[in-house]
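The values are calculated or read from the model by the stated rules, or taken from the named source; none is laboratory data. A quick note: this is a predicted structure, and the numbers were derived from the prediction, not measured. Backbone-built Cβ (ideal geometry, glycine too); neighbour counts: all protein chains shown. Accessible surface areas use protein heavy atoms only, side chains included; no ligands, DNA or RNA. Shrake-Rupley method; radii C 1.70, N 1.55, O 1.52, S 1.80 Å.
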Amino acid sequence: MAFEGIGASVRRTEDQRFLSGRGNYTDDINRPGQLYAIIRRSDRPHARIVSIDTKAAAEMPGVVAVYTGTDLQADNVGGLPCGWLIKNKDGTPMAEPPHPVLAVGKVRHVGDPLAVVIAETRQQAKDAAEKLAIEWQDLPSISSTQDAIAPGAALVHDDVEGNVCYDWHLGDKEAVDAAFAKAARVVRLDLTNSRLIPNAMEPRAAIGDFDRATGEHTLFTTSQNPHVIRLLMGAFVLHIPESHLRVVAPDVGGGFGSKIYHYAEEAIVTWAAGKLGRPVKWTAERTESFISDAHGRDHVTTAEMAIDKDGNYLALRVKTLANMGAYLSTFATSIPTYLYATLLAGVYKTPAIYAEVKAVFTNTVPVDAYRGAGRPEAAYLLERLTDVIAHDTGLDRVALRRQNLIPANAFPYQTPVALQYDSGNYQATLESALKAADWNGFPARRAAAAAKGKLRGIGISTYIEACGIAPSAVAGALGARAGLYEAANIRVHPTGSVSVFTGSHSHGQGHETTFAQLVADQLGIPFNQVEIVHGDTEKIPFGMGTYGSRSLAVGGSAMVKAMDKIIAKGKRIAAHLMEASVADIEFKNGSFSVAGTDKSKSFGEIALTAYVPHNYPIDELEPGLEENAFYDPKNFTFPAGCMVAEVEIDRDTGVPSVVSFVAVDDVGRLINPMIVEGQVHGGVAQGIGQALLESATYDVSGQIVTGSFMDYTMPRSDNLPSFKTGNEVTLCTHNPLGVKGCGELGTIGSPPAIVNAVIDALSEYDVRHIDMPLSPQKIWSIVAAGPKRKAAE
Amino acid sequence: MYDFTYQKPASVADAVKLLGADPEAKALAGGMTLIPVLKQRLNKPSALVDLADAGLAGISVAGGTVRIGAMTTHATVANSADVKKAIPALAKLAGGIGDKEVRHRGTIGGSLANDDPTADYPAAVLALGATVETNKRSIKADDFFQGMFMTALEPGELITAVSFPVPEKAAYMKFPNPASRYALVGVFVAKGPAGVRVAVTGAGQNGVFRQKAMEAALGKSFSQAAIADIATPADELNSDIHAGAEYRAHLVGVMARRAVAAAG
Ligand SMILES: Cc1cc2nc3c(=O)[nH]c(=O)nc-3n(C[C@H](O)[C@H](O)[C@H](O)COP(=O)(O)OP(=O)(O)OC[C@H]3O[C@@H](n4cnc5c(N)ncnc54)[C@H](O)[C@@H]3O)c2cc1C
């Protein structure tokens, strides 16, 4: 048998079922007597609901119930909660307007749910939903981030003044002002970070079920964190105790953040199933996904760097306007604050940083974490700004980075924006990426491209992220309304095979493989004797779920903790069997041995003894071999790296093609290098999507223009080059595995590398900045305007 | 989707009869356009009359004409040795429509009857001066396209085939819409019995159109240089999030020159 432990590129065991159509996704589940829910959504961006006449709909064939927001309100159904309280500069709490499950009084974005029709068949529910007669009074709407704060702007929530959710800041303003005052030069950049639609392959779905005999509610849902949904929905929305609410997130076809949040439909089907005493299923159509899944990013930012005469960074000042959409999605408020501004040091030793973030409401789909979440916005800002500094000063882009990087001997490194980086070596990833990309050979490739009539450019980004979210006490002090530990249960069966119950949730990441490798390696048992169980609150002790590249760093660490307990107990059993002292028992490669002797017992023998305790220290030790652990991380983890992109531009059409892409990352210890590489590939594909193709667009009237794949440009394989990936390893110092996480770095590091490459390709046109996506039209308009004459000429 | 009845007649005559008897009935070809429209409940036909068994698929070449049955799929046209030999540009165009799945379902008849202003086939039909044959008559390309999603077809009238005169040379160049991959701008250039014709799809507010200034110039000299300075007025071109009218006008020139170069 090939080596299948830590460090082996074991093929993903879950792919067998995913690729052969045998996955068990929420929509694959059908409960006896199941009804179907269709949500009627607003097609108006902002309107007062004068009346909803449900009579005609209720009389349609097969219809069992029609509910509106007032019905839910009357039944004491609460609003959808926000999980993170942000405080304003003056210490007052953010504006937290109600987020009703079904709209009451007003609708606030196209897609806002306002009624649900439940019928025997999906078709009947659809037919009936069309019969709902709604009388509207249209209101002026806000469709862009900047418009939200314009004087006299319409109010998304009548009692949220100026549409401002919060006006928050971080850092030392005085120190920054002082540094700016004595700076040799200040370089300023205005940029936007475009709004994205996540588009997981599997649309969201939810099934509510209710057992009259036990009073237990069950929700099957497309979630990245079933326990969090149970907590939020049970405690805040439906008032069901955990003991009577089971949430199952079975196979989930991609999340990218968009399936973290507690969504209205989950509460609707759970509540309605209880009311009707029958299961209720809802499955999103793709069109619904575009207007009801939380969107990502959407920042408008001004950044200024103060530098000395040699280009050393002295201070950074950032002002960001962040779009929350129409309501606060579960973690929306934390993204442009604690996952963004705290990352503004990047990999640089900038001594003083001050960031101001104003979050605003608009008549658009709520915005929340999307793969990377805040960190791509920070990395994009810093890496664009660094290239603009090079442009404005004439300094070399790579030299500028080298000179400002945090030195490899400076760890642990305290940034001026709260985080303390535990380990890293940014020089190593930078130099390794430059080498892999043959940075120095670029002029020859540019000349060769020019000979073909193409413009070729090369771009670099040196990024960092904070993952392994998060130490609970720190998060709590910053406003989180939850702890951010992870739980694991390790159940050793009598013959020594193992079931692992993890609070992490796999929705494409390959946990069933990576975690099994980890457990097999640590317990010294065969990989195929480890089962990974996740996604069911009835089976798993507890869990905070998967996001923020936390599963291995936090969830994996919880497993290690539980395994340590297993091994400790195993040692006591072994000591008893071999008549030795516990202190003399060593555990290695799956066997317990007495130090300095040839006496040993296999892991399986110990497991069997635990369950057949005939010869057992029964007075001191319980039988059985099963342990729980909760692991609360001591710090964030800090994956970092360097990406280098090369692009070629067709002068005639402005079409950019990514012709080469190198990513060298430090994700700490690699458990399964193939899976890490796959995560990098997927993330980079999404990053290239943001840089060149994707953008959620609303027109001035508040309608979404990119409401389908006919207009929303997802990256496809022919938009992407073959990626070259590499790793440099510095271990995380505060978790037992030394791992850092790899799920998001692709979307964080790649957009600036691509944009920097395009801008470099356009160097003869003297372009300073172009906002994403860098569409052929934008590029062509620069080429068409012709090379700029230098001012001196 | 709303409920409808489904029929699969074994001849064009039966199909025409079914469609004639029920003004709410609709013909179904590959369903690549119609089915999504039905799924979104944007159309409510009483019946679908599937043309799959009506004997409308097939390709024949005779007397300098390539005749393609209405139910011939894009994949069949793309892979046809006859089409590749007679009008390689047409085979290439068909091979560039949508994706593999779409090409194996979508048909030339469906594409033309639908007349999407960003579809590819209309450019070939117009530039090659093809004739659209129906159960009633033959319609010249110049008379067939009448604006966005508007053709000369009468209610219940079915396309049975399209006849393409074999050109001396021809080429199609498509600048795909980055999201939908339909034509943002597509230009078909052909030199044949009827002289030089240049048809532009994707760009015009009224669907496919002929770029007559380019035709005149290429008629004198079939070269890229001949059309280098010919601009396409932007005022009747589309503007959307992917491309403004000015950019589209520019792309018409680029695609036309590339098509001329490819045609040789
Ligand atoms: C993902 C995707 C990508 C696509 N990309 C492209 C692209 O790049 N370029 C492009 O040109 N097209 C593209 N298409 C459209 C595709 O070419 C369709 O095949 C075409 O538009 C319709 O053909 P159909 O055979 O599927 O017709 P259907 O969808 O079955 O019918 C379309 C309409 O034509 C009518 N009709 C069908 N046959 C006849 C007939 N013989 N006589 C009279 N009326 C008839 C029907 O009643 C209906 O109204 C794409 C489609 C999809 C789904």
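Couple of notes before you dig in:
- When A:LYS588, A:LYS565 are screened for being at negative phi, under 34 Å from the mean Cα position of the chain (by Cα) and open to solvent by 70 Å² or more (accessible area, probe 1.4 Å), only A:LYS565 passes.
- If you filter region A:717-752 down to residues that are of a type in the set (D, E, K, R) and within 23 Å of A:GLU377 (Cα to Cα), you find that the one that is surrounded by the most Cβ atoms within 10 Å (Cβ to Cβ) is A:LYS740.
- Unique residue being surrounded by 22 or more Cβ atoms within 10 Å (Cβ to Cβ), in contact (Cβ under 8 Å) with a residue 12 or more places away in the chain and among the charged types (D, E, K, R) when the list is A:ASP138, A:ASP112, A:ASP147, A:ASP127: A:ASP112
- Candidate set from region B:57-71 (those that are touching a helix residue (DSSP H, G or I) at 6+ places or on another chain (Cβ under 7 Å) and more than 13 Å from B:LEU90 (Cα to Cα)); member that is farthest from the ligand (Cβ to nearest atom): B:VAL61
- All conditions in (1) within 25 Å of A:CYS467 (Cα to Cα); (2) open to solvent by less than 40 Å² (accessible area, probe 1.4 Å) hold for A:HIS681, with the sole exception of (2).
- In region B:222-233, residue nearest to the other protein chains (Cβ to nearest Cβ) [restricted to those that are open to solvent by 20 Å² or more (accessible area, probe 1.4 Å) and assigned to a helix (DSSP H, G or I)]: B:GLN224
- Some residue of region A:743-754 being closer than 27 Å to A:GLY257 by Cα, among the charged types (D, E, K, R), assigned to a loop (DSSP other than H, G, I, E, B) and away from chain B (no Cβ under 14 Å): yes
- Per-region count, region A:34-79, residues hydrophobic (A, V, I, L, M, F, W, C) and either part of a loop (DSSP other than H, G, I, E, B) or on the phi > 0 side of the Ramachandran plot (or both): 2
- Qualifying residue in region B:80-88 (condition: more than 14 Å from every other protein chain (Cβ to nearest Cβ), within 14 Å of the ligand (Cβ to nearest atom) and either farther than 20 Å from B:PRO193 by Cβ or surrounded by 16 or more Cβ atoms within 10 Å (Cβ to Cβ) (or both)): no
- Elements of type strands (runs of 3 or more DSSP E) in region B:102-184, at least 2 residues being in the same structural domain as B:PHE222 (by TED's automatic domain parsing) and away from the ligand (no atom under 12 Å from the Cβ): B:138-140, B:159-165, B:169-176
- Filter pass, A:SER557 being closer than 30 Å to A:LEU343 by Cα, at pLDDT 95 or above, among the hydroxyl-bearing types (Ser, Thr, Tyr) and out of contact with any His (no Cβ under 7 Å at 6 or more places or on another chain): yes
- Of the residues making up region B:21-38, those that are away from the ligand (no atom under 11 Å from the Cβ), open to solvent by 60 Å² or more (accessible area, probe 1.4 Å) and touching a residue at least 12 places away in the same chain (Cβ under 8 Å) are B:PRO23, B:GLU24.
- Taking residues in region A:649-662 that are farther than 28 Å from B:ALA228 by Cβ and within 14 Å of chain B (Cβ to nearest Cβ), and partners anywhere that are in a strand (DSSP E or B) and among the aliphatic types (A, V, I, L, M), the pairs with Cβ atoms closer than 9 Å and at least 6 places apart or on different chains are A:VAL658/A:ALA645; A:VAL658/A:VAL647.
- Residue list for region B:185-199, filter: part of a strand (DSSP E or B) and more than 11 Å from the ligand (Cβ to nearest atom): B:VAL185, B:VAL187, B:PHE188, B:VAL189, B:ALA190, B:LYS191, B:GLY192, B:GLY195, B:VAL196, B:ARG197, B:VAL198, B:ALA199
- The set of residues from region A:679-720 being over 18 Å from A:ALA757 (Cα atoms), within 11 Å of chain B (Cβ to nearest Cβ) and assigned to a helix (DSSP H, G or I) comprises just one member, A:ASP718.
- Listed by first and then second residue, the pairs with beta-carbon distance under 7 Å, at least 6 apart or on different chains, first residue in region B:1-20 and within 14 Å of another protein chain (Cβ to nearest Cβ), second surrounded by fewer than 17 Cβ atoms within 10 Å (Cβ to Cβ) and in a loop (DSSP other than H, G, I, E, B), are B:MET1/B:ARG41; B:TYR2/B:ARG41; B:TYR2/B:LYS44; B:PHE4/B:SER46.
- Residue in region A:329-342 that is over 18 Å from A:GLY479 (Cα atoms) and open to solvent by less than 10 Å² (accessible area, probe 1.4 Å) present: no
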